[in-house]
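To start, the structure under review is shown below, and the notes come after it.
The values are calculated or read from the model by the stated rules, or taken from the named source; none is laboratory data. Remember, it's a predicted structure, so these values are computed and weren't measured experimentally. Note: ideal-geometry Cβ built from the backbone for every residue, glycine included; neighbour counts use all protein chains shown.
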Amino acid sequence: MIYLIRHGESTVDLEHRLTCKQHAGSLTTYGRKQARLVGNWLAHKQITHIYNSPFERAQQTAAIIGELINVKPKTNVDLAEADCGELEGRTDTYSWGRWEAIYKQWKRADWDATYPDGENYRQVYTRLHRAIQQAEYGDNVALITHGSIVQAVVPYLCVNAAALQRVDPISHTGIVVLAPFVAGRYACEAWNLIEHLQDAPNS
């Protein structure tokens, strides 16, 4: 199985800051708790490999999980957040509106939809697909990445994509479970699984 996991809550999330190029942005206290909870949930899943995005929030999430399940994480740049170009660092409503308008095109698989001076959908689709395909060589693998790229790309990799047309956003440490199917395609076994967070106070 392949477990795609969004990083825990971070300081840039609380700032509502577009942080798509700069790797800095530590987990909050609650984000660390989320990472511990998902690590405990993974403890009985026989995870053999952990790969994480180079962003600090993903690296820290992976490190906490890895310590709990005794697996050393490795960084894979293909799991990085989508590069939003000149919108980097912005917090204002106008910039978020521009980000959302392009992201809506991504969710429709518009290959050429591009953030100004950033990545287009084809680039992000290609590298996330590559990271997932590489994970097939392990038995059970955890990929610590970012919610936006998972939501935009993964439904188009799944043989049961029709069931995912109205997918919910990925929560912090939400899990998408994929089973390899055939020729780079997958069966989605779970979407935004958050049972590990049940009854966990947001503090």
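Here is how the numbers come out for the structure above:
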item	result
Among (1) in contact with a Leu (Cβ under 8 Å, 6 or more places away or on another chain); (2) farther than 20 Å from Met1 by Cα; (3) of a type outside the set (A, V, I, L, M, F, W, C); (4) touching a residue at least 40 places away in the same chain (Cβ under 8 Å) - the single one Thr61 does not satisfy	(2)
Enumeration of residues in region 67-87 that are of a type in the set (Val, Ile, Thr) and in a loop (DSSP other than H, G, I, E, B)	Val71
His49 being surrounded by fewer than 21 Cβ atoms within 10 Å (Cβ to Cβ), touching a Pro at 6+ places or on another chain (Cβ under 9 Å) and over 19 Å from Val176 (Cα atoms)	no
One residue from Asp168, Asp139 being in contact (Cβ under 8 Å) with a residue 24 or more places away in the chain and in contact with a Ser or Thr (Cβ under 6 Å, 6 or more places away or on another chain)	Asp139
Failed item in (1) without any contact (Cβ under 8 Å) to a residue 60 or more places away in the chain; (2) more than 19 Å from Arg122 (Cβ to Cβ), with Ile102 passing the rest	(2)
Any hit, region 118-133, residues being more than 17 Å from Ile5 (Cβ to Cβ) and aliphatic (A, V, I, L, M)	yes
Residue satisfying all of: in region 7-46; touching a Ser or Thr at 6+ places or on another chain (Cβ under 6 Å) and charged (D, E, K, R); nearest to Leu79 (Cα to Cα) among these	Glu9
Scan of region 90-144 for residues that are hydrophobic (A, V, I, L, M, F, W, C), more than 15 Å from Leu18 (Cβ to Cβ) and either more than 17 Å from the chain's Cα centre (by Cα) or surrounded by fewer than 19 Cβ atoms within 10 Å (Cβ to Cβ) (or both), ordered by number	Ala109, Trp111, Ala113
Elements of type strands (runs of 3 or more DSSP E) contained in region 88-203, each with 3 or more residues being at pLDDT 95 or above, under 24 Å from Ile47 (Cβ atoms) and among the hydroxyl-bearing types (Ser, Thr, Tyr)	none
